[in-house]
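This report refers to the structure that appears directly beneath it.
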Amino acid sequence: MSTQIRLPVAVGFTGLMTAYNRAVESARPDALFTDPLAARFVEVAGDTTLAGLPRLGPAAEDGSSELWTGMNGYLAGRTVFYDRAIQAATAREHGPRQVVLLGAGLDTRAFRLALPAGTVLYEVDTAEVHEFKSAVLAGHLPSTPRIPVPVDLREDWPRALRRAGFNPAWPTVWVAEGLLMYFPEAAADTLLDTVTEQTTPGSTLLTEYMSRRPRMTDAVLADPQDHALCELLVGNTVGGPDPDPATWLAEHGWTGGHLDLLDQLTELGRPHPTLFDRSIPEPLRVHLISGRH
Ligand SMILES: C[S@@+](CC[C@H](N)C(=O)[O-])C[C@H]1O[C@@H](n2cnc3c(N)ncnc32)[C@H](O)[C@@H]1O
């Protein structure tokens, strides 16, 4: 790793973990999508343990890590859901031409999705994540214009977004992928209220949350680095909304529903993590949510 490039830490590290999983998916012969830049982020990050962070990837590439195998399925299935839904929303007649990625992390949809001409992607994340991302992406040209908006979502982010060129009077595709689990329930409510205030009819909201918090006891992790990553994830996962998705959307002025990630994985012909299995006590359900306003 270059000494000039600092890795994002804490919740910012989850963006790097997402990129790792997208890189792994992209390398499969039956890849559900290809994200060539994901491997670049991983390459630049190098040995993350040198920076005191958990190792990216399992100790052995033989499918024996319950944590990484489960996460690969989770993140690949989820990425397909968002890819398809963003493409469908922007393909509608007079569909939105603004896409706002809340907690954009190392998302490279500006480079890899063919979106209609005139579409702009606003990428909202912390300054430290943007610093790392900009350093790695230097010299790469997106196919859809992308505008980094470095701001914390607990601050006055609508102001920063408007200053970056976003127009609340135009329809928008709001994307909060892999984000709400890092927000306590009240903060998730505030976030959606704020989104709603910046939303005009014809807009779409795409997000996800879990039916319960993950626990350290959800998987047996013999490898100390798997254990360290799980601690980081479980420690930062504070909840997200509690009601079922249709109710939560309605409470905030949206209509819509959800797809269970387990069903998405089944439709894609991919195995699901044991943790999702409906036959176990208290399975973890991941709700992939689409709302309309
Ligand atoms: C799991 S990553 C997902 C990234 C991206 N959506 C993707 O799918 O590639 C979560 C991202 O949310 C960002 N995030 C979490 N809390 C945030 C906050 N309060 N303000 C801004 N960004 C935040 C993190 O920095 C991280 O990049």
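The values are calculated or read from the model by the stated rules, or taken from the named source; none is laboratory data. Treat the numbers as computed from the prediction; the structure is a model and nothing was measured. Quick reminder, even Gly has a Cβ in these numbers, built from the backbone with ideal geometry, and neighbours come from all protein chains shown. Please note that ligands, DNA and RNA were not included when accessible areas were found on the heavy atoms of the full protein model with its side chains. Shrake-Rupley method; radii C 1.70, N 1.55, O 1.52, S 1.80 Å.
State the antiparallel share, in %, of DSSP beta bridges confined to the chain, rounding to the nearest 5.
On the way: 13 of 31 bridges.
Looking only at bridges with both residues in the chain, the antiparallel portion is about 40 percent.
Rounded to the nearest Hz, the phi-derived 3J(HN,Hα) couplings of region 274-291 under the Karplus curve 6.51 cos²θ - 1.76 cosθ + 1.60 (θ = phi - 60°) are 3, 4, 8, 4, 5, 8, 8, x, 6, x, 8, 9, 10, 8, 8, 10, 10, x, where x marks glycine and proline.
Between region 1-62 and region 64-110, what is the separation of their alpha carbon centroids in Å? When both Cα centres are located, 17 Å separates them. Ellipticity at 222 nm from helices only: DSSP H runs of n ≥ 4 in the chain, each -39500 (n - 2.57), divided by the residue count, give -12000 deg cm²/dmol. If you sort the three axes of the alpha carbon gyration tensor as a ≥ b ≥ c, you get a/c of 1.5 or more for region 117-169 and a/b no higher than b/c, which makes it oblate. The share of alpha-carbon pairs in region 251-293 lying farther apart than 14 Å comes to 56%. For region 23-34, 3J(HN,Hα) computed residue by residue from phi via the Karplus equation (6.51, -1.76, 1.60; θ = phi - 60°) reads 5, 4, 4, 4, 7, 6, x, 9, 3, 7, 6, 10 Hz, glycine and proline entered as x.
By the equivalent-ellipsoid construction on the alpha carbon gyration tensor, region 1-158 comes out with semi-axes of 26, 20, 14 Å, ordered largest to smallest. Free of any GluC sites (Glu not before Pro) that DSSP assigns to a loop and that have at most 15 other C-beta atoms within 10 Å, the longest stretch within the chain is 156-293. Taken over the Cα atoms of region 88-206, the convex hull encloses 103 Å³ per residue. Shown are Val173, Val220, whose ranking by accessible area with a 1.4 Å probe and every protein chain present, most to least, is Val220, Val173. Shape class of region 16-80 from the alpha-carbon gyration tensor: oblate, with a/c at 1.5 or above and b/c at least as large as a/b.
Hull surface divided by four, with the convex hull built on the Cα atoms of the chain: how many nm²? Working shown, then result.
Numbers: hull surface 58.8 nm².
Computing the convex hull of the Cα atoms and averaging its projections yields 14.7 nm².
With Cα atoms defining each centre, region 221-293 and region 166-183 are spaced 18 Å apart in the structure.
Roughly what % of Cα-Cα distances in region 137-293 sit above 28 Å, to the whole percent? If you can, show how the numbers build up before the last one.
Numbers: 3952 of 12246 pairs.
Counting every Cα pair in region 137-293, those more than 28 Å apart make up 32 percent.
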